[in-house]
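The values are calculated or read from the model by the stated rules, or taken from the named source; none is laboratory data. Bear in mind that the values here come from a model prediction, so they are computed numbers and not experimental data. In this analysis, Cβ positions are derived from the backbone assuming ideal geometry, glycine residues included, and neighbour counts consider all displayed protein chains. Just so you know, the surface numbers come from the protein's heavy atoms only, side chains and all, with ligands and any DNA or RNA stripped out. Shrake-Rupley method; radii C 1.70, N 1.55, O 1.52, S 1.80 Å.
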Amino acid sequence: MNKIEEHLNYFSLKVNYRINKNFSTRFGKGTTFIGNGYRSMLLSSNHTPYPYFTFVTEFWKVKYYNHFTTFYDIYSSEISQKKHGAFHYLDYELNNNLTIGLFEAIIWQSRDENFERGFDIHYLNPIIFYRPVEFSKYSPDNALLGVNLDYQLNKVNFYCQLLIDDLNINRYENTGDGFFQNKLAFQIGLKSKFNFKQHKFHFLSEYNQAQPYTYAHKHPMQNYTHMNQALAHPLGANFKENIFIVNHNYKKWSSNFKYTYAVYGADSIGTHYGQNIFISDFLASGEGGEFSYGNFNGQGVLTRLHTLYAEINYDIKFAKAFAAFAIRNQTNQEKSNYLILGIKTNFINPFIDF
């Protein structure tokens, strides 16, 4: 099965209750990660925990998740800071090698200038892809669709994701490519584990990309964020990223090496080229704003970000003694180097690689 799991971090809590062999529930405060890679372009765990309730249905080769949440936007609105999310994820194991996951997310604000909406009970409807049908009724809510694929070949795991935020290729014909509302993101990766005597190795190579303005929305309160943090990739949008990870374990010793390289287009003063998902995408920096064309990945101030993290650990009873070296190098910023010695648990990873 594809990986969808609740992450407990930053003082989170969850409770599981199995109703019977086909139905179970999970609720608490935490984050949820959907995917098989290091990052997720659908829903990740690189942000502050939020309250949630998940209803899980299992039968045959199918797992179906109904995931309901409340998020907060702490800067965008003087009317209300609360917004809600309803997520559907259908996971189907096609055969022993291939698993397909279908994803849907809807974000809506709890209150606007006109009325107090609260949690819309219409989104308790458990049918996946119900929202695109409702879109024909001109609902203003933010909807995202996606697919997650996982293929296992011997000891190599291939995985990919595609997210569609908006797709409007026929809106204005013969006016050029790069329409700002064609908002897509995708991921391609592979990972492998193998053992040699008492040595265990894990390799991962991953590529992530999000087009400008992806995850943003016309109404900033309905963007794909929580507590001023992205719900999917921490870089927001308008970026390309490569990740390489090698882990090695031998008895009580382990070593980890991670390198990330990202290129993205940042904004200058008074512009919006699509990397900042916290402001309206209708402020696109093309001529005419909402009629913006000619957009491309990396537009704006070209910024390169390198991060490297190397670590060696020794397991003690309830924690790890470790030594680590970290580098963070970003265009137009001072290079940061860290040498770290200490004892740690696995609850919090303090190194930011974005």
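Name the single residue, out of those in the range 181-211 being more than 19 Å from ASN157 (Cβ to Cβ) and basic (Lys, Arg), that is surrounded by the fewest Cβ atoms within 10 Å (Cβ to Cβ).
Filtering first and then ranking leaves LYS197.
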**Prompt:** Mind checking which residues of the range 139-167 are outside any loop (DSSP other than H, G, I, E, B) and not hydrophobic (A, V, I, L, M, F, W, C)?
**Reply:** ASN142, GLY146, ASN148, ASP150, TYR151, GLN152, ASN157, TYR159, GLN161, ASP165, ASP166
**Prompt:** Can you tell me which of ILE327, ILE277 is under 21 Å from the mean Cα position of the chain (by Cα) and either buried (at least 17 other Cβ atoms within 10 Å of the Cβ) or assigned to a strand (DSSP E or B) (or both)?
**Reply:** ILE277
**Message:** Criterion first (surrounded by fewer than 16 Cβ atoms within 10 Å (Cβ to Cβ), in a strand (DSSP E or B) and in contact (Cβ under 8 Å) with a residue 60 or more places away in the chain) does TYR261 satisfy it?
**Reply:** no
**Request:** Could you grab me the full set of residues in the range 237-250 that are surrounded by 17 or more Cβ atoms within 10 Å (Cβ to Cβ) and either at pLDDT below 95 or over 16 Å from PHE186 (Cβ atoms) (or both)?
**Result:** ILE245, ASN249
**Prompt:** Are any residues in the range 194-216 of a type in the set (S, T, N, Q) and modelled with pLDDT of 95 or more, and if so, which ones?
**Reply:** SER205, ASN208, GLN209, GLN211, THR214
**Request:** Any chance you could count how many residues in the range 106-121 are at pLDDT below 80 and outside any loop (DSSP other than H, G, I, E, B)?
**Result:** 2
**Complete:** Note on the range 292-311: residues of a type in the set (Val, Ile, Thr) and surrounded by fewer than 16 Cβ atoms within 10 Å (Cβ to Cβ) are VAL301
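Could you list, in sequence order, all residues of the range 52-69 that are surrounded by fewer than 19 Cβ atoms within 10 Å (Cβ to Cβ) and either in contact (Cβ under 8 Å) with a residue 24 or more places away in the chain or within 20 Å of TYR215 (Cβ to Cβ) (or both)?
Once the filter is applied, which keeps residues that are surrounded by fewer than 19 Cβ atoms within 10 Å (Cβ to Cβ) and either in contact (Cβ under 8 Å) with a residue 24 or more places away in the chain or within 20 Å of TYR215 (Cβ to Cβ) (or both), the range 52-69 yields PHE53, PHE55, THR57, GLU58, PHE59, LYS61, VAL62, TYR64, PHE68.
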**Request:** Please work out if HIS272 is touching a helix residue (DSSP H, G or I) at 6+ places or on another chain (Cβ under 6 Å), closer than 23 Å to ASP73 by Cα and open to solvent by less than 40 Å² (accessible area, probe 1.4 Å).
**Result:** yes
